[in-house]
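K.L.:
What follows is a single structure, and I will ask about it in a moment.
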Amino acid sequence: MIKTEICGLWVRHKRNADHTRNVPFFPYVIEAYLYILRMKLALVQPDLFWENISANLANLEEKIWAMTEEVDVIVLPEMFTTGFTMKADVLAEPMNLTTFKWLKQMAVQTKAAVTGSYIVKEQGFFFNRLIWMQPDGKFYTYDKRHLFSYAKEEKTYKAGMSRLIVSWKGWRFCLLICYDLRFPVWSRNDSSSPYDCLIYVANWPKRRINAWNALLKARAIENISYVAGVNRVGEDGNGIHYNGDTSAYDFLGNQMCHSSEKEETLIVRLDKKSMDDFRASFPALCDGDAFHLL
């Protein structure tokens, strides 16, 4: 991937040859290499207006534009347009409508990938669907695999069947939703083509927040990967309280940032070289049991 990025930079350099005839290419290589090694995420922890799509989009747009620095990825919570609701028959959107177009607009205007989940209706089924939207208009989707039977989520939504791993600016991201966090097999890193950062978007209640914090750290350690978990705050229409605890962990399980009980956008900077160096010196990913999910 790094070679691809550098080749792209070389093409751009040659296109501007008339203006850069006396400028050596080597500094451009160094610049590209250092750029790829670093990644900046914005983790947006909002209160959500219960089942109010337009109000949530307006609120989140304000938070995005309030950021004081450019980032590479903007992460929103699970069901960021409604809160965690089973009223899919009223609130679901088809693809390429309001929220989809809003994500596309945000990605273009911020020049960042934007991700989060919302309620989608497709081919007669409802999905708790995560969208990964890039500034160039390319997008990828992930439908929540592990539906929360405690809230009868499986009675309303259809479960996804495959994971999503996307490549962005030389990094590989694995994108999962809330309850998926409790099932480590689903997030298991592949030693032959490992992801670099695992992202969970969630509506995780305060009464079970100890599990959220413990499992995010565990996923970072066992997968030798950065992990970011983005939650919401406030109270939903069912009287359930959310305290947030949005956070990020490095590949050793050290907490890099954290926010609780308030609306806040956290900026976290990831360093690929330090992770790659550790993986090379401590190749635990290569020692795992080989298996495939059926």
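K.L.:
Can you find even one residue in the range 88-104 that is under 15 Å from the mean Cα position of the chain (by Cα) and within 25 Å of A42 (Cβ to Cβ)?
P.N.:
yes
K.L.:
Here's another thing I want to ask about it. In the list C178, C197, which residue meets the criterion of being over 18 Å from L252 (Cβ atoms) and not charged (D, E, K, R)?
P.N.:
C178
K.L.:
Before we move on, is N210 buried (at least 18 other Cβ atoms within 10 Å of the Cβ) and over 25 Å from D72 (Cα atoms)?
P.N.:
It is false that N210 is buried (at least 18 other Cβ atoms within 10 Å of the Cβ) and over 25 Å from D72 (Cα atoms).
K.L.:
Looking at (1) part of a loop (DSSP other than H, G, I, E, B); (2) surrounded by fewer than 18 Cβ atoms within 10 Å (Cβ to Cβ); (3) not hydroxyl-bearing (S, T, Y), which one does N189 not meet, given that it meets all the others?
P.N.:
With (1) part of a loop (DSSP other than H, G, I, E, B); (2) surrounded by fewer than 18 Cβ atoms within 10 Å (Cβ to Cβ); (3) not hydroxyl-bearing (S, T, Y) applied to N189, the lone miss is (2).
K.L.:
Still on this model: Taking the range 192-207 as the search range and keeping residues that are part of a loop (DSSP other than H, G, I, E, B) and modelled with pLDDT of 95 or more, which one is surrounded by the fewest Cβ atoms within 10 Å (Cβ to Cβ)?
P.N.:
It comes out as P205.
K.L.:
I'd like the residue in the range 270-294 that is touching a Leu at 6+ places or on another chain (Cβ under 8 Å) and not in a helix (DSSP H, G or I) and, out of all such residues, is nearest to Y226 (Cα to Cα).
P.N.:
This residue is L270.
K.L.:
Next up: Report whether or not K217 is touching a residue at least 24 places away in the same chain (Cβ under 8 Å), part of a helix (DSSP H, G or I) and not small (G, A, S).
P.N.:
yes
K.L.:
Working carefully through the options R163, R145, find the one that is surrounded by fewer than 20 Cβ atoms within 10 Å (Cβ to Cβ) and free of Cβ contacts under 8 Å to residues at least 40 places away in the same chain.
P.N.:
Result: R163 is the single residue among R163, R145 that is surrounded by fewer than 20 Cβ atoms within 10 Å (Cβ to Cβ) and free of Cβ contacts under 8 Å to residues at least 40 places away in the same chain.
K.L.:
Please go through the range 166-186 and pick out each residue that is part of a helix (DSSP H, G or I), surrounded by fewer than 16 Cβ atoms within 10 Å (Cβ to Cβ) and without any contact (Cβ under 8 Å) to a residue 40 or more places away in the chain.
P.N.:
The answer is R182, P184.
K.L.:
Quick check on my filter: what residues within the range 222-240 are more than 20 Å from Y118 (Cα to Cα) and assigned to a loop (DSSP other than H, G, I, E, B)?
P.N.:
Matches in the range 222-240: I224, S225, G239.
K.L.:
Let me spell it out: the conditions are (1) within 20 Å of K272 (Cβ to Cβ); (2) of a type in the set (A, V, I, L, M); (3) surrounded by fewer than 24 Cβ atoms within 10 Å (Cβ to Cβ), and A228 meets all of them except one. Which number is the exception?
P.N.:
(3)
K.L.:
Out of (1) in contact (Cβ under 8 Å) with a residue 60 or more places away in the chain; (2) over 15 Å from V75 (Cα atoms); (3) assigned to a strand (DSSP E or B), the odd one out for N243 is which?
P.N.:
Single failed check for N243: (1).
K.L.:
For residues that are small (G, A, S) and within 13 Å of the chain's Cα centre (by Cα), scanning just the range 151-209, find the one that is farthest from L37 (Cα to Cα).
P.N.:
Out of the qualifying residues, it is A202.
K.L.:
L130 fails exactly one of the following numbered conditions: (1) outside any strand (DSSP E or B); (2) touching a residue at least 60 places away in the same chain (Cβ under 8 Å). What is the number of that condition?
P.N.:
With respect to (1) outside any strand (DSSP E or B); (2) touching a residue at least 60 places away in the same chain (Cβ under 8 Å), L130 is out only on (1).
K.L.:
If you don't mind, another one. From the residues in the range 148-160 that are in a loop (DSSP other than H, G, I, E, B), touching a residue at least 24 places away in the same chain (Cβ under 8 Å) and not β-branched (V, I, T), which one is nearest to Y118 (Cα to Cα)?
P.N.:
In this case the residue turns out to be Y157.
K.L.:
Pick out, from the range 46-115, the helices (runs of 4 or more DSSP H) lying fully within it that include 3 or more residues that are touching a helix residue (DSSP H, G or I) at 6+ places or on another chain (Cβ under 8 Å).
P.N.:
Working: elements: 53-65, 88-91, 98-110.
Hits in the range 46-115: 53-65, 98-110.
K.L.:
Is it the case that the range 248-261 has a residue that's in a strand (DSSP E or B) and surrounded by 22 or more Cβ atoms within 10 Å (Cβ to Cβ)?
P.N.:
Yes, that holds for at least one residue.
The values are calculated or read from the model by the stated rules, or taken from the named source; none is laboratory data. None of these values were measured; they are calculated from a predicted model. Methodologically, a virtual Cβ is constructed for each residue, glycine included, from the backbone with ideal geometry; neighbour enumeration extends over all protein chains shown.
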